[in-house]
Every structure is written in structure tokens, then in C-alpha cells.
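Just below is one structure, and these are the notes that go with it.
The values are calculated or read from the model by the stated rules, or taken from the named source; none is laboratory data. Owing to the predicted nature of the structure, the values given are computational and were not obtained by experimental measurement. Cβ sites come from the backbone with ideal geometry, for glycine too, and all protein chains shown count toward neighbours. Heavy atoms of the whole protein, side chains included, go into the accessibility calculation; ligands, DNA and RNA do not. Shrake-Rupley method; radii C 1.70, N 1.55, O 1.52, S 1.80 Å.
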Amino acid sequence: GCTTTKADSSNKKTVYRTLKEIKKSGKINIGVFSDKSPFGYVDKNGKYAGYDVYFANRIAKDLGVDANFVSVEAANRIEYLQTGKVDIILANFTVTKERAEEVDFALPYMNVALGVVSPSNKVIKKLDQIGAKDEVIVISGTTAETYLTKNYPKIKLQKYDAYAEAKTAFENKNGVAWANDNTEVIAFAKENKGYTVGISSLGDNDTIAPAVTKGNKTLLKWLNDETKALGKESFFHKNYEKTLVDTYGADYEEILVVEGGKVK
Amino acid sequence: MDKDILVSYIPLYKNALLLTLKIGWQGIGLSMIIGLAGAAVLHFKVKVIKNIVGIYVELFRNTPLLVQLFFIYFALPKIGVNISAEICGMLGIGLLGGAYMIETFRSGLETIPVMQSESALSLGLDKRQTFLYVILPQAFSAVVPGLTANIIFLLKETSVFSTISLMDLMFTAKDLIGMYAKTIECLFLLVVFYFIMILPVSIIGMIVERKTRYAEFGD
Amino acid sequence: MQSLGIDVLLKGSNFSRLLQGLYVALEISFVSVTISILLGLIVGVLMTLKNPILCFILKIYLEVVRIIPQMVLLFVVYFGTTRVFGMDLLAETSAIIVFVFWGVAEMGDLVRGAIKSIPTIQFESAYALGMNKFQVYVYIILPQTLRRLIPLSINLITRMIKTTSLVVMVGIVEVLKVAQQIIEANRTTSPNAAFGVFGVVFIMYFLICWPISRLSIYLEKRWA
Amino acid sequence: MKELLKVKHLHKKFGENVVLNDIDLVVNKGEVVVVIGPSGCGKSTFLRCLNGLEKVQGGVVTVDGLPVEPDKKSIIKLRQKIGMVFQSYELFPHLSVIDNLILAPTKVQKRNKEEVIREAIELLEKVNLVEKKDFFARQLSGGQKQRVAIVRALLMHPDILLFDEVTAALDPEMVHEVLQTMLNLAKSGSTMIIVTHEMNFARAIADRILFFDKGEIVEQTDDVKAFFEKPKTKRAQRFLSTFSYS
Amino acid sequence: MKELLKVKHLHKKFGENVVLNDIDLVVNKGEVVVVIGPSGCGKSTFLRCLNGLEKVQGGVVTVDGLPVEPDKKSIIKLRQKIGMVFQSYELFPHLSVIDNLILAPTKVQKRNKEEVIREAIELLEKVNLVEKKDFFARQLSGGQKQRVAIVRALLMHPDILLFDEVTAALDPEMVHEVLQTMLNLAKSGSTMIIVTHEMNFARAIADRILFFDKGEIVEQTDDVKAFFEKPKTKRAQRFLSTFSYS
Ligand SMILES: Nc1ncnc2c1ncn2[C@@H]1O[C@H](COP(=O)(O)OP(=O)(O)OP(=O)(O)O)[C@@H](O)[C@H]1O
Ligand SMILES: Nc1ncnc2c1ncn2[C@@H]1O[C@H](COP(=O)(O)OP(=O)(O)OP(=O)(O)O)[C@@H](O)[C@H]1O
Ligand SMILES: [Mg+2]
Ligand SMILES: [Mg+2]
């Protein structure tokens, strides 16, 4: 909004920290989810872990600084960047037009496609099968929610805050289907009998990317260079094998991973 | 702040307001019934039930609504009781509110001098009539400020409805911010709609308090 | 339904993290409650002084606090101060500011009510003894209001403790957030963990708040 | 003469504290009994026992032959035979004068509302309060409140009226109004038991004096004049002497 | 004789309601003035004006030559010269008897605590309450409370004492105790203004009687005996007649 620009112009000092300042301080603040396994979560030893965090740790290492993780919510990711309270958001942040107006996205490091899972006895294969009274379960702040809200405004969404609640609700038959990242729904169908993924890839392929405060050119450039460089050593494949393979299996590695910032 | 965005969000907020009001007020209605019944039980010192009411109050007053809702909504279906999110929200507010209301009504009843019930009894009114015609109407005036505070508190507590997928005002705001990143506009609208929801309660509370002040003191 | 997932709490440092989260919640609420009570006493006294402008301002303050959701206040204090003034408050500080802002208003109103319930004759007999306003409040009125305040403020305190779960919005990891983290981290291995973990959180809150409300009943009886 | 109220071996304790010790009394129809005695001697408690507001530890109270038992259903019926007026706070502040008056007759005795209102207004006229019928308690003076309370008790057509220091909270001129009302009732043949500290009034109204001390009836006499001039017991002498100053 | 208190052309209104109308009065050292009159005539308001608890609309009150002005700083000092005892609820319930007594002398007059305690105990002995010194107000009877309130006022060494119906809420025997205490004070030469409804007491203690009606002094006399036997004004005659019953 306009307030951001106003704040930017009225304060001589910029809200963000340049690459130099970060390096000098010896610490980088990275906003990650702390309860979105397997992307960003806290393991049983109290350490941040997951696909996003693995990347974040590498960033800190290559910058030669310590990583300071900040637990963010879907609703405050943008605010954290715009006030410079974190330097980078690495919180499963899907690139969208609206968000790109507020923050700067670096090169992507992952794909998301959506999938829809439904009970095997009433499989939803096409979205127009969903009746006017039926409700589809989504998790608030995810790509599925954004996508369905925008492209299928008629479909009634039942929104939950967290995975555990969405899952329990789905099991309790509170919705006819559950839309989420396709990896998630596939994994769910694999683990739970009686459910089928009727739609395994929906809409355009969106990407997930790190984000920095708008205008933080030095950090953005460094991140892009870093992503490209990491591509040479297949870093994100390694990341996948470390953090995601247990949940999604090896089949999805090629579909999900974006290596070197280049979307296929 | 972007006017177009504000305008385009208003319908969503309006729906959320209606839902919050609907469930909130049903819950508040329930909480008042529970509050009155519970306070009556404590007032009449009904054996056994009195203790149950006591345990209920302690349990619901001292634990977060979020967790209460979670159990009502997610645990009950596991044992075969299925209730819709709306009813669950209403129950949650009603049960939490009931615990607070009992306390409020009880303290209101205690402000009525014993002499009042004694003079009612000596006129031949029975306990029920004394409670209904003499004690309760008077307690009401003492209770109004507490009641107003409780109602506002309960309307605001609807913000934890996100756990059970009810799109109340707070959840709508958080959700829109998460999707479209317009934090300031969303929070602004949130405050505006809370204002619309809560200010009338405050004002009505003040008016009712003035109208029902029978006691000898006050201005 | 397999295990209710209480076992996930025994893994690694999970349980101690939950306790740590509880500690964070209690720390913030304890500090906020203490400051709120002290400032609330002053604001409550100010509300009873017959100064129309002051009364009006305080009335508006109370209504504002009642209407604006605490989450918005958190955003305003934590992010807003940075945006507008370029200040960088700690998340904990912001949380305490917001809770104090809220607590002082509510406490002040309780104090006002309690002072109003003290018979005028108490003020007058103190004045008649040659005391000044300050002495009357400190020696006569406030000590008498404290007793009436106990049950009411205990309600406020338990509510404040429960409301601290909002602080996740400014990145503070308190007990409910830790619970979410544990549930999520184990979502594949222990899908029902939510019930067990939330159950434990339920008990934890109860074990904290219940003694406080017992204490109030005890004090109320003792001082009656 | 009809025996209306009978008390036999009444015992009342609060915890270990004996408040009424073996009280016997018979009140006949039309009689005015005045109870006096030092503070804390049990006068109020005695009236409250007659009305079933207190549980007793021994003895019986009968009104018109029926026993007064606080926890029985029958108490509701019995209380309608006994009107009681207290020292203070006795009007219901949330009701107007007329609503205070008709509440019990219509709700308890289920009498016709119009008829009760008509009777209420007649009685209000007798105590000069008819123009206050739509006022609330807080808008009345203390003396007016007490007169309304008396009318309220009368409207139930009780067989016997109990008055517990009804003028203790009033100013002298209001005391006068209220006591005058009671004197008129006495003249019209009402049966009454009156607790009072107004010795001049006691002397004027009483058919019989009961002097209580420490939960016992220390002196009881129909010769009211003689009692006030020279009571038989030392205790009553001492008590009466406190009403003069040196 | 020293003029201690002087009231000149005192006017007091509540809104449009004139409560005190052009009151003049001089009280000399050692004098006991008793104020009587019907309820609502302005007696309490009058005492409250003397003490600066009410703002006045006209006239001056001086104590020992100094003007009583409610909003001035000087009022704090002046009030120490004027002791006041109210009808009821006057002890501070959160403090023990002794703490009630020493609060003002130590905090307001900054006197030495030990010395104040010693004096307090002496005075408590005089009113037979020394063994209650560590009790709280709720543990005392009404009469005991009022005697403590009187001691509390005395401990400030006031030049003049104001009593506003201090016995109105008490039982006869307690009334007696308290009035006896006041009689003793009068004998020891204290200057007092007393509002009371106890006519026997007024007669016994007064050096001068002021009869108030509708905010004015209707009758004022030093011949106390004559006033009670046959007051000069019709109004006072009617007032006194309410204390007897037909
Ligand atoms: N509810 C109660 N619990 C315990 N003791 C009580 C209770 N009510 C009265 N008493 C005690 O019983 C005794 C008699 O009290 P009661 O009120 O009958 O006296 P009274 O003669 O009416 O006195 P007064 O003239 O002051 O009204 C007193 O010692 C009193 O302390
Ligand atoms: N704070 C007040 N506001 C308005 N009117 C008042 C106030 N206080 C007293 N009055 C009025 O002033 C008049 C005098 O009251 P005051 O209390 O002085 O009478 P009083 O002679 O002491 O009567 P009583 O014998 O009943 O104590 C009354 O008409 C009363 O209604
Ligand atoms: Mg009594
Ligand atoms: Mg008076």
C-alpha cells in the first residue's frame, strides 16, 4: 500500500539491511514457518528443519553469517519484510502478482501444483462435479486457497488454520474434497485407505521463491546468484532427498524441484 | 490505503460480520441461559448440582476457548457425535460464556440484601417466586456492567473460530492478508467492522444500566 | 484410533519445549498483569475524579481498547512503530505494551467501580480529619477497594493469560504454538497427536489458572 | 377470646450461642403485645421464628392451630396469615408502590388484580399515600416507605401482624406518622406483636408488655402503666433508666 | 469569652433548592450548642458547611478568625481545628481501632507515633474501650464504634467538635453510653455543636438551643429549660409535640 512508500521516503534510513550490513552484523534473520512440516517445522530437538530451512541454512553458511530463524505466520510474512524485521522470507511463499507488488521475489526453488483428494466412493475428478452446497477443505494461506478463490469463486471453501485440523475435518467428512499441494494430497491418499486423488494437477504451475524487502537489490542479486550457483551442485535435489523424500517419495522429485532458478 | 481494495473486500467482511453476529449472539444467548440457571443453582445451594456447576465453571473459565472448540469439533465426531461448525462455535461461546456469566450473575445476586428475600418470603411468596419477581429483577441492574463486558469479550472471542473453519471477522482478515498481502487495508476494515459490532453493545449496555438502576444510590 | 499421541511429547525435548512455551506465555502475562494492576489503580482513581475532560478521554480510551482486537494492536505496535517511527521494538516488549494498554483500561474500570462502591462517608470522614486528597486515596480508599478488586481482577488475569496465545502474530513462540509445532512435526508418524497434545495444553492452562481462581475465593473469604 | 398464636418451649441457638431459651407465649385475637429489651436479647430472632424465617432447635409455634415449620410446604400458606414489617429496606426497589402492594396478593393468593388494586388504593388513602401509588421506593421518604410496607402486609389479610423496630431508621416526625398508623390499626382490633425502642409509644399502644433479656422473658405483664412506672425486676428497672439523662 | 466560630449570612443551595438561608451564629469557647429541627431542614448541611465539606453560595464561616473555604489549601489546616463525628460508617474498616485513631495525627499532623499511641490509649481508657484497641470496626458494636470515632476526633486536639446525629443508628443502651461520653466532654469544657433527635439529651447537655426549620434558624435561646417546656414559636411547639403519643 501507499504507507510503505511513505515510510520509505519519510525515513532517510531504509528499513531493510543491505548485503553488506548483514554480513557485517554476522547474523541473518530468516522468516520460516515453524509448523508446516515438511517445509518448515521444529524437530523433536527444538531445531528448525525442513526443505525451506535446509536452504536457509545454506544461505547463511555461504554468507558467512549465523542464521536467526523467526517463526512467521501466513498473515504476517509480508509485514515482517516490509518492516525489515527479517531479511528473507523462506516460508513456502508462492509467487503471485499481488504479493510481488509488496515484496521482491528471488528466483524460485520449487514448483507447486495443486491436487484434490476425495473419498474413493465419491471421487471428484473434475471441479465442476462439486455441487453448489458442497464444501472443499483448504488450509488458509496456501496456494490452493488462492487459486480456487481466484479461478473458481463459486466453490465453497472450508478454511482451516493448520494441517492437523484440516485433516481431522476431512476425516470427519466435513467436506467433499480436500485441495492442497498435489504432493500433500498424494501423500495423504497413500497413507490413508479409502481416499483417491481425483485431480492430481490443477491450474498453472506456480513457483515458490524466497522473498526480500522491496528494493533490497543487493540481497536480491546475491540470492539469485546463489540459487544459480547452487544449481551447479544439484543442491535442491539433495535438499529434496534429505527433507521431502520421506513424505512424498522419489517419484515427485523432478516435478517439484526447481534447480538453478530455472523452471522447466 | 487503496480505496478500490477496501470496497472490494467489504462484502467479505460483511458476510463475516453476519456470521460472527449470528453465531456470537446465539452463543451469548446460550451463555446467558447457562449463566442464569447456574447462578440459580448456586443461589439456592442445590445439593450435588451445585458442585457440578462449580466444576464446570472452573473448567471452562480456566482453559482457552481454542482448545475447547478443538475438542468439541474434532473429538466428538470420533465418538460418533457429529455437529456442524456453526453449532460447535455456538456451543463453544455458550459454554465458555456460561462459566463467566454464572460468576457475573452470582455476584449480582449477592448484592441484593437478604432482607429483600426475607420480606418476600414473609409475604408468602415461595422461593421460586421470590427469585423470579424480587431477586432477579434487582440483581439485573447490578449485573448489567459485567454483562456488557462479558458480551463484548465473547464477541471478540469469536476470533478463535478459525480453528473450526468458521469465517469470522478475524479469520477473514488474516486470510485475506495471507492471500493478497494488503495488511493495512485488511486491518483497517477489521477495526471498522469490530466497531460496528461492538459499539452498539457498549451503548445499549450503558442505557440499560441507567434504566434499570433501581437501587437507592447512583446518579 | 491408535495412541492419542501423548507419546510424541516424550520424544526429544518436546515436553520441555512445551513447558518453555508455557513459561513464555506466563512471563508475558505476569509482567503485563503486574504493570496493568499498578497503572490500573492510578487510572481508576483518575476516572473517579470529577474532571469532565479527563473522564471523557478515559472513557474513549476504554471503549477503544474494548473495540480494537488485540491482534490489531499487536500489529500496530510491533510493525506499525517500525513503519512510522522506524523504531525496532522487541516482540516481547510489543506484546507487553499491548497487554498493558488493554489491561490498564479494563483494570482501571474495575478500580473505578470498586471506588464508587465505597460509601461517600468514608471520603468525608477522612477529609474531616484534615487529610488531603492524596492521603485519603492512599490510606483510606485504595486499601478498601483492594479487597473488592480481588475477584474481579482475577478474572481479568486468567483472561490475560489465555489471550497471550495471540503473541504468535509477532513471532513469539508460546505454548499453543509449540503444541502446533509438535503436532505438525509428527503429522505422519502420529496423526492423532493433536488430541493428546491439546489435551495436555488444556490441563496445563487449567493447572495455572485454577489455583489463581481458588486464591481469589480464599482471599475473598478471608477478607470478607 | 380466641387463641391465635401459641408458642411452647421455643429454643433457638446459633451454633453454640443460645438466643432464645424456652419461650412460652399465647396471643389472643385483638391483642397488642409489645416486646422490649436490650439490644441482642433475641427480640428480632423471636419474631423471625414466629414467621418461620428461622429454624428452631426445640418447641413449637402454632398459628390458628397450625404448626409453623420453615421447611414444609405449608409454610407458604401460614405466612399469608402472618404479616411482617421490618426495620428497613423492605420495599422492592424495582417495583412501584402499587406493584409492591399487589405482587403477593395476585401471585400468591391469585386474587383478581382489579379487586386487589381497588383495595390497595383504599388502604393507601387511609395512610394518606394514594397520590404516591406510581412512585418508586427511592422517591419516598422513610416514613412513607414504612407506611407502604404496612399496607403491603395488610393487603394479605393476615390474622396477625409482626413489627420489628419499624421506626428505628426514621426521623421523629416520620416516626410519628408511622406509629399513628399502627395506633389506628390497634384501635380497629388488629392483632399485633411489636418490637420497639420507643417507650412512650409502647406505653400508649400495648395491651401487654414482654420484657426480654438474654433470650428469656424476664417480665410479662398486662399492667402496662405499672410496668413503666416501676417494673418488678431489677433488670427492667435498669433498662428503663437508660432513657433518662443526668 | 472568646469567639471561636462565627457564621455570617451563610447561604447554601443545591441547584435551585435553598437549603440554608442567611444563617448567623457565634459560638464561644466552651459552649455547647444543640441544633434540633425536623428532617430535611438543613441541620446536616449546616454542619458540613462549617467543616468545608460543602461549597456555599454566600456568607462566611470563620474558625478562630480564619475563613473556611473548601477549595483552598488552608482547609486542610482548618479541618484539624474542627473535629467531626458522623451518624454512621465512620470508622475505616480496613484498619484496627488503634490504627484508625493514630492515622490522622501521625500522617497529617506528623506527630510522634509513640506519643500519639500513648494518648490514644489514655482516651480509650476514659471511654472503657482500651481492651478493644486491636479490634477491627466490624468486631465492635455500634456504640463502641461511635465512641472510637469520638476519640479519633479528639486525638486531633480540635478546638471545636461537631456531632451529626451520632446516636441515630444505635440501640438505646448504646445511645446512653455514647451520650454519656459526650456529657463528660461537655463537663470538661469542650466546645461542641450537636445535632440530635434525643430531646431528653438535648435538654441535659445544651447551653444553647438552635431550632432550625426550612433552612432558617426559627428559634434560638439560652434558656433551654423554658424552650422544652414552652417554645416561643408555633413551629417548635408542633415539632416537640411529635415526641408524645396519644
Ligand atoms: N444469623 C445469625 N447468626 C449468628 N448469630 C446471630 C444471628 N442473628 C442473630 N444472632 C445473635 O443472636 C442474638 C439475638 O439477636 P437479635 O437480632 O434477635 O437481637 P435483638 O433483640 O433483635 O437486638 P436489636 O435490639 O439490636 O435488634 C444476638 O446475640 C446476635 O448476635
Ligand atoms: N447532596 C445533595 N444534593 C441535593 N440536595 C441535597 C443534598 N444533600 C441534602 N440535600 C437537601 O437539602 C436539604 C437539607 O438536608 P440535610 O441533610 O441538611 O437535612 P437534615 O436537617 O440533616 O435532615 P435529617 O434530620 O433527616 O438528617 C434536604 O431537603 C435535602 O433533600
Ligand atoms: Mg432486632
Ligand atoms: Mg441530617
Worksheet item: Going through region A:40-67 one residue at a time, which ones are within 11 Å of chain C (Cβ to nearest Cβ), assigned to a strand (DSSP E or B) and open to solvent by 40 Å² or more (accessible area, probe 1.4 Å)?
Response: A:Tyr41, A:Tyr48
Discussion item. Just to be sure I understand the filter: pairs with C-beta atoms under 7 Å, separated by 6 or more residues or on different chains, first member in region C:47-71 and more than 28 Å from C:Thr164 (Cβ to Cβ), second member in a helix (DSSP H, G or I) and of a type outside the set (D, E, K, R). Which pairs pass?
Written reply: C:Thr48/C:Ile115; C:Leu54/C:Leu46; C:Cys55/C:Met47
Worksheet item: Going by the conditions given, is D:Val26 within 16 Å of ligand 3 (Cβ to nearest atom), more than 14 Å from chain E (Cβ to nearest Cβ) and among the β-branched types (Val, Ile, Thr)?
Response: no
Item to complete: Go over the candidates C:Gly199, C:Gly171 one by one and state the one that is within 9 Å of chain B (Cβ to nearest Cβ), in contact (Cβ under 8 Å) with a residue 60 or more places away in the chain and more than 24 Å from C:Ala105 (Cβ to Cβ).
Response: C:Gly199
Practice prompt. For region E:1-11, state whether one or more residues are within 16 Å of ligand 4 (Cβ to nearest atom), charged (D, E, K, R), at negative phi and in contact (Cβ under 8 Å) with a residue 12 or more places away in the chain.
Written response: no
Worksheet item: Is it fair to say A:Ser34 is in contact with a strand residue (DSSP E or B) (Cβ under 7 Å, 6 or more places away or on another chain), modelled with pLDDT under 95, of a type in the set (Ser, Thr, Tyr) and over 28 Å from C:Val76 (Cα atoms)?
Response: no
Discussion item. With the structure loaded, tell me whether B:Ala40 is under 21 Å from B:Ile135 (Cα atoms), open to solvent by less than 40 Å² (accessible area, probe 1.4 Å) and either charged (D, E, K, R) or in a helix (DSSP H, G or I) (or both) or whether it fails that test.
Written reply: yes
Worksheet item: Out of region E:42-93, which residues are within 11 Å of ligand 2 (Cβ to nearest atom) and within 14 Å of chain D (Cβ to nearest Cβ)?
Response: E:Gly42, E:Lys43, E:Ser44, E:Gln87
Fill in: Selection count, region B:148-178, where residues are crowded, with 23+ Cβ neighbours inside 10 Å, farther than 18 Å from C:Val168 by Cβ and within 7 Å of another protein chain (Cβ to nearest Cβ)
1
Item to complete: Output the qualifying pairs, or none if there are none: Cβ atoms under 6 angstrom, residues six or more apart or on different chains, first residue in region A:167-196 and at the interface with another protein chain (Cβ under 9 Å from one of its Cβ atoms) and within 15 Å of C:Pro191 (Cβ to Cβ), second residue open to solvent by less than 40 Å² (accessible area, probe 1.4 Å) and polar (S, T, N, Q).
Response: A:Ala187/A:Thr247
Response to the item:
Reported set for region A:125-166 where residues are in contact (Cβ under 8 Å) with a residue 60 or more places away in the chain and among the acidic types (Asp, Glu) is none
Worksheet entry | Complete set of residues in region D:166-195 that are of a type in the set (Gly, Ala, Ser), farther than 22 Å from E:Gly40 by Cα and either within 16 Å of ligand 2 (Cβ to nearest atom) or in contact with a helix residue (DSSP H, G or I) (Cβ under 9 Å, 6 or more places away or on another chain) (or both) | D:Ala186, D:Ser190
Discussion item. Tell me the residue from E:Asp164, E:Asp171 that is open to solvent by 10 Å² or more (accessible area, probe 1.4 Å), within 13 Å of another protein chain (Cβ to nearest Cβ), over 18 Å from E:Lys6 (Cα atoms) and more than 15 Å from ligand 4 (Cβ to nearest atom), please.
Written reply: E:Asp171
Worksheet item: Any residue at all in region D:239-246 that is in the same structural domain as D:Val108 (by TED's automatic domain parsing), at pLDDT below 90 and out of contact with any strand residue (DSSP E or B) (no Cβ under 8 Å at 6 or more places or on another chain)?
Response: no
Item to complete: Tell me, yes or no, whether region D:211-218 has at least one residue that is within 12 Å of chain E (Cβ to nearest Cβ) and either surrounded by fewer than 23 Cβ atoms within 10 Å (Cβ to Cβ) or basic (Lys, Arg) (or both).
Response: yes
Worksheet item: Looking at region B:94-114, is at least one residue closer than 30 Å to D:Val166 by Cβ and touching a Phe, Trp or Tyr at 6+ places or on another chain (Cβ under 8 Å)?
Response: yes
Worksheet item: Of the residues B:Gly124, B:Gly108, which single one is open to solvent by less than 30 Å² (accessible area, probe 1.4 Å) and either aromatic (Phe, Trp, Tyr) or assigned to a loop (DSSP other than H, G, I, E, B) (or both)?
Response: B:Gly124
Practice prompt. From B:Ala120, B:Ala75, grab the single residue that is out of contact with any Gly (no Cβ under 8 Å at 6 or more places or on another chain), among the aliphatic types (A, V, I, L, M) and within 7 Å of another protein chain (Cβ to nearest Cβ).
Written response: B:Ala75
Worksheet item: Are any of the residues in region E:23-38 assigned to a strand (DSSP E or B) and of a type in the set (D, E, K, R)?
Response: yes
Fill in: Filtered residues of region E:24-41 (kept if open to solvent by less than 40 Å² (accessible area, probe 1.4 Å) and either of a type in the set (A, V, I, L, M, F, W, C) or more than 9 Å from ligand 2 (Cβ to nearest atom) (or both))
E:Leu25, E:Val27, E:Asn28, E:Gly30, E:Glu31, E:Val32, E:Val33, E:Val34, E:Val35, E:Ile36, E:Cys41
Practice prompt. Can you tell me which residue within region B:55-100, out of those that are of a type in the set (S, T, N, Q) and in contact with a Lys or Arg (Cβ under 9 Å, 6 or more places away or on another chain), is nearest to C:Lys177 (Cα to Cα)?
Written response: B:Thr63
Item to complete: Quick one: C:Leu215 ticks every box in (1) within 10 Å of chain B (Cβ to nearest Cβ); (2) under 17 Å from the mean Cα position of the chain (by Cα); (3) surrounded by fewer than 21 Cβ atoms within 10 Å (Cβ to Cβ) except a single one, so which number is it?
Response: (1)
Response to the item:
Taking region E:190-205 and the residues there that are open to solvent by less than 10 Å² (accessible area, probe 1.4 Å) and assigned to a loop (DSSP other than H, G, I, E, B), the one that is farthest from ligand 4 (Cβ to nearest atom) would be E:Thr191
